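Working notes, structure below.
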Amino acid sequence: MAAMDLSRRDFARVAGGGLFVFFHAEAARAQEPAQIPGRVAVPSDFNAFLRIGEDGRVQCFVGKVELGQGAMTSLAEVLAEELDVAYDAVDVVMGDTDLCPYDMGTFGSMTTPLLVPVVRRAGAEARAVLLAMAAERLGAPADRLRVKNGVVTDPARTNSAVSYAALVEGKRIERHLANIPVKPVTQFQVIGHSPRRKDALEKVTGKARYAGDQLPAGLLHARVLRPPAHGAKRLSVDTAEAEKVKGARVVHEGDLVAVLHERPDLADAALAKVKAEFDAVPAQPDEKTIFEHLLKTAPEPRVVAQGGDLAQGEKASASVIEGTYLHGYGAHAPMETHTATAVMENGKVTVWVSTQAPFSVKNQVVRGAGFAPEQVRIIARYVGGGFGGKTGADQAVDAARLAKITGSPVQVVWSRADEFHHDPFRPAAVLKIRSGMTAEGAITLWDAKIVGSGEREAKPFYAIPHQRTVSAGGWQGGNPPGMHPFNVGPWRAPSVNSNTFGRESHIDVMAARGGFDPLEFRLKNLTDERMKRVLQAAAERFAWQPAKAPGGRGVGMACGIYANSYNATMAEVAVGKDGRVRVKRVVIALDVGVVLNPEGLRQQAEGCVMMGLGYALSEEVRFQGGKVLNRNFDEYELPRFSSLPAIDIVLVDNPRTNALGGGEPPIIAMGAALANAIFDATGKRLVELPMTPAHVKAALG
Amino acid sequence: MERAVSFRLNGKAVRVTTDDERMLLWVLRSDLGLTGTKFGCGEGLCGACTVVVGGAAVRSCSTPLKDVAGKTVLTIEGLGGARLHAIQQAFLDHNAFQCGYCTPGMILTAYALLEKTPHPTREQIIAAMDDNLCRCGTHVRIVGAIEQAAGAGKAGA
Ligand code: FES
Ligand code: FES
């Protein structure tokens, strides 16, 4: 067996015998890293493994994290399928850096397309090994044997049966993934049937334990002093009053000032008694001036896509239309704030962390808290939502540092105000588009400049002969200092919500200018068959009636691609005189390749509709002088039950494309579909997200 | 003020000696180790910390301990027993959760609604649930689950 190194040690922790299949989600290495501090090298030749234990249970160890997206369920499902065992006999162990092999992180809709195929192959491999053993045991050729619920039988002989458990008993067999074919789609028994979620029982009974639910004996709750504005430096600190709080302990080491108490609320109270002075930060943009500021501070743009010749495109155009579209910052606002619980034992620290990327956090703790890699274990079993906002984990470094200093277990939980203030926001963006078309409505020119959002899916998928798209700055870092007044990072379908808003708003502007129905105009300019199919599927379910906008009906559409998944979204709205937009219904047609778990995909898509309502209509990050002004949910309006529209998700069957992720693609077109619907309702074009009641009212005049 | 506060928690008598101005959420989570009740905002704005006090859904993050003296308190740990409560079963059947962080608060808010209004209309469900936030966007399923639980009969722990 080749290069096991680090992982051999991890592997040794898995006690007992059984059959092990090691595998490497090769493509997982190609995952686009989010803004992750301190990546570590892929340590070995596998990054996941599967074990059939002597008790007949199947365990699969992967470094991904269950964030609510249902990865635990999908992985169990495909294993049950390939191994012919009961779904309930499969356990998926996730997010533990000691038990699970390295994984870069859970983001980018990559689990389904990259990990699932390999897990399936590993299951097929294990089944083939077990069948060969059974053939020997039963004295029958392997291809004659049948498997059901983990029991192998020889149909030619009665009373011939041997279970997987019996086959591996007393043995330790280790295999690397070979090229065993997986089951053809037509033979699926489990896949496609949406079994009960693996996490269901723990979540409805309150037994699911998140990072803050670890309460080791002697636990201290720490509250860390933080600057009131981004970029502010501490000038002085006085902890005398805090120290007087009964049971409170103050730690002041270098940059770190924290108060600790055995009760979390009393730690809060003690922190409030710490007096500190910070310097004033230089003038910073606010949510109104940010767009000008971005244009001024953006780096040199990079060409993302180009074709034809812009001058010729200009000549071929009967009309040329310019538009500028703006998208403000967005907060992730998961219901669970950033949390970590650190426990020291024999010089080793174990940290339960709310994170999407336990291995990156491990590295962060190694460097930030001064541990050797083998002294740090990160566990992310259940996480209360991530959406891209939980890739870094400063709170884990603080908890580990404080556990080391105090010798006690330490828990750090961000307040809601901390969560808003230190969020790596979705970057604000400016999209400038200049386009042209013929009198017949053929798009002849597309010249787009994207600032801030990043270049993912920035290239238009319409058939446009003369085009160029350039992009400057993004969520992945590399922005010049001072471009953003705080950290930015990935936010569910990074880049693509903003880029789709700009492109699809502009397409509707063109359709309206040319007097075309928005659907007709899109179809006329598309050659991509998958896009045409989702648009037609959405139109059929929505009962789209062709008309040019504005038609006073309040209907709108938009479409987009994310990570090779296709989305067409249609919405119907009513706009009040007060500027309130009520979304009555949303239809999303999705092509995400083969659908492994239709129920799971619908859950994700419904969630995307709700989160999409937020970024489109209500979630506005306000800031000034480096301070984020939204401090709690009364100042950052999330969608609620009363915002719930009728939701209809159409899964467009596409067996020719491998299964793709579904946690992000459904959200991308919500902003533009709603802007277009508002235009249809009112004749007013909203060019800035979020379209809050104040913005809409101002547009209505 | 530090004093002994007695109440019934999930059917059992408990007595906690602490500053009775402290919020119930922290007493439940930290002093009593019942972590099913979640912290989300700390200011009564999200519903993650919802528990049922004397039949009404309350925000435990904004309820001082002294307010529950002599009362009955129900948390997610006290709901159902050997079998799931009808509301838990309905949440499970509808997959009315994703990350699950808001789920205990949702279930207890729904429980209190059905105690008072066993057969709520959709509008009543939305009104009762409207201040419970779910970032994962499971709203449509939660409404469906509550409708199922209401149809299945009366609520009772
Ligand atoms: S934590 Fe109590 S309402 Fe949010
Ligand atoms: S299920 Fe995640 S917040 Fe509701």
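A quick yes/no check of all residues on (1) more than 26 Å from the chain's Cα centre (by Cα); (2) within 24 Å of A:A563 (Cβ to Cβ); (3) within 14 Å of chain B (Cβ to nearest Cβ):
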position: A:A80; (1), (2), (3): no, no, no
position: A:V92; (1), (2), (3): no, yes, no
position: A:T97; (1), (2), (3): no, no, no
position: A:P101; (1), (2), (3): no, yes, no
position: A:A126; (1), (2), (3): yes, no, no
position: A:A135; (1), (2), (3): yes, no, no
position: A:D143; (1), (2), (3): yes, no, no
position: A:S163; (1), (2), (3): yes, no, no
**Asked** How do the pairs read when you match residues in the range A:597-611 that are facing chain B (nearest Cβ under 7 Å) and free of Cβ contacts under 8 Å to residues at least 60 places away in the same chain with residues anywhere that are in a helix (DSSP H, G or I) and buried (at least 24 other Cβ atoms within 10 Å of the Cβ), using Cβ under 7 Å and keeping only pairs 6 or more apart or on different chains?
**Response** A:M610/B:H139
**Residue satisfying condition, being outside any loop (DSSP other than H, G, I, E, B) and under 30 Å from A:P465 (Cα atoms), within set A:E374, A:E300, A:E314** = A:E314
**Message:** For the range B:36-58, give me each residue that is on the phi < 0 side of the Ramachandran plot and within 16 Å of ligand 2 (Cβ to nearest atom).
**Reply:** B:G36, B:T37, B:K38, B:F39, B:G40, B:C41, B:L45, B:C46, B:A48, B:C49, B:T50
**Prompt:** Of these, A:V40, A:V14, A:V21, which one is modelled with pLDDT under 90 and either within 16 Å of ligand 1 (Cβ to nearest atom) or closer than 18 Å to A:V361 by Cβ (or both)?
**Reply:** A:V40
**Message:** One residue is enough: does the range B:72-91 have a residue meeting the conditions within 16 Å of ligand 2 (Cβ to nearest atom) and more than 15 Å from the chain's Cα centre (by Cα)?
**Reply:** yes
**Prompt:** Residues in the range B:79-122 that are in contact with a helix residue (DSSP H, G or I) (Cβ under 9 Å, 6 or more places away or on another chain), more than 10 Å from chain A (Cβ to nearest Cβ) and β-branched (V, I, T): how many?
**Reply:** 2
**Prompt:** Across the range A:317-351, which residue is farthest from ligand 2 (Cβ to nearest atom) among those that are in a strand (DSSP E or B) and of a type in the set (D, E, K, R)?
**Reply:** A:E322
**Item:** Condition broken by A:N632, with the remaining ones in (1) surrounded by 22 or more Cβ atoms within 10 Å (Cβ to Cβ); (2) under 24 Å from the mean Cα position of the chain (by Cα) satisfied
**Value:** (1)
**Item:** Hey, B:G144 more than 16 Å from ligand 1 (Cβ to nearest atom), closer than 30 Å to A:G388 by Cα and not acidic (D, E) or not
**Value:** yes
**Item:** Matching residues in the range B:22-38 - criterion: being open to solvent by 20 Å² or more (accessible area, probe 1.4 Å), touching a strand residue (DSSP E or B) at 6+ places or on another chain (Cβ under 7 Å) and either within 14 Å of ligand 1 (Cβ to nearest atom) or closer than 18 Å to A:M335 by Cβ (or both)
**Value:** B:M23
**Prompt:** So which residues in the range A:321-350 are open to solvent by 60 Å² or more (accessible area, probe 1.4 Å) and closer than 28 Å to A:G671 by Cβ, if there are any at all?
**Reply:** A:E322
**Message:** Quick test of your reading of the structure: B:V52 fulfils all but one of (1) away from ligand 1 (no atom under 16 Å from the Cβ); (2) in the same structural domain as B:E21 (by TED's automatic domain parsing); (3) crowded, with 19+ Cβ neighbours inside 10 Å. Name the failing condition by number.
**Reply:** (1)
**Message:** Given the condition within 14 Å of the chain's Cα centre (by Cα) and within 16 Å of ligand 2 (Cβ to nearest atom), answer yes or no: does some residue in the range B:114-126 qualify?
**Reply:** no
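Listed here are the residues, each with its yes/no results for (1) in contact with a Gly (Cβ under 6 Å, 6 or more places away or on another chain); (2) surrounded by fewer than 18 Cβ atoms within 10 Å (Cβ to Cβ); (3) within 17 Å of A:D578 (Cα to Cα); (4) small (G, A, S).
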| site | (1), (2), (3), (4) |
| --- | --- |
| A:L613 | no, no, no, no |
| A:F623 | no, no, no, no |
| A:L638 | yes, no, no, no |
| A:F641 | no, no, no, no |
| A:D653 | no, yes, no, no |
| A:N658 | yes, yes, no, no |
| A:N676 | yes, no, no, no |
**Prompt:** For A:A616, are the conditions met, namely being farther than 23 Å from B:A96 by Cβ and away from every other protein chain (no Cβ under 14 Å)?
**Reply:** no
**Message:** Which count do you get for residues in the range A:591-611 that are closer than 12 Å to B:R135 by Cβ and open to solvent by 10 Å² or more (accessible area, probe 1.4 Å)?
**Reply:** 0
**Complete:** Scanning the range A:210-220 for residues that are in a loop (DSSP other than H, G, I, E, B) and more than 7 Å from every other protein chain (Cβ to nearest Cβ), the one most open to solvent (accessible area, probe 1.4 Å) turns out to be A:A217
**Item:** Filter result for A:V182 (open to solvent by 30 Å² or more (accessible area, probe 1.4 Å) and either in contact with a Gly (Cβ under 9 Å, 6 or more places away or on another chain) or farther than 21 Å from A:A86 by Cβ (or both))
**Value:** yes
**Request:** For B:A13, work out the one condition from (1) without any contact (Cβ under 8 Å) to a residue 40 or more places away in the chain; (2) away from ligand 2 (no atom under 16 Å from the Cβ); (3) facing chain A (nearest Cβ under 8 Å) it doesn't fulfil.
**Result:** (3)
**Yes/no for B:S62 being within 15 Å of ligand 1 (Cβ to nearest atom) and not acidic (D, E)** = yes
**Fill in**
Taking the range B:16-31 and the residues there that are touching a Leu at 6+ places or on another chain (Cβ under 6 Å) and assigned to a loop (DSSP other than H, G, I, E, B), the one that is nearest to the other protein chains (Cβ to nearest Cβ) would be B:R22
**Message:** Out of everything in the range A:262-297 that is part of a loop (DSSP other than H, G, I, E, B) and among the charged types (D, E, K, R), what residue ends up being nearest to A:A403 (Cα to Cα)?
**Reply:** A:E262
**Request:** Scan B:L108, B:L84 and give me the residue that is closer than 23 Å to A:Y210 by Cα and either within 16 Å of ligand 1 (Cβ to nearest atom) or open to solvent by less than 10 Å² (accessible area, probe 1.4 Å) (or both).
**Result:** B:L108
**Cβ pairs under 6 Å, 6+ apart, first in the range A:639-658 and over 19 Å from A:V575 (Cα atoms), second part of a loop (DSSP other than H, G, I, E, B) and aliphatic (A, V, I, L, M)** = A:L651/A:V595; A:P655/A:V594
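The values are calculated or read from the model by the stated rules, or taken from the named source; none is laboratory data. This structure is a prediction, so every number in the text was calculated from the model and none was measured. Here the Cβ is made from the backbone with ideal geometry for all residues, glycine too, and neighbour counts use every protein chain on show. Note: accessible area is taken over every heavy atom of the protein model, side chains too, but ligands, DNA and RNA are not part of it. Shrake-Rupley method; radii C 1.70, N 1.55, O 1.52, S 1.80 Å.
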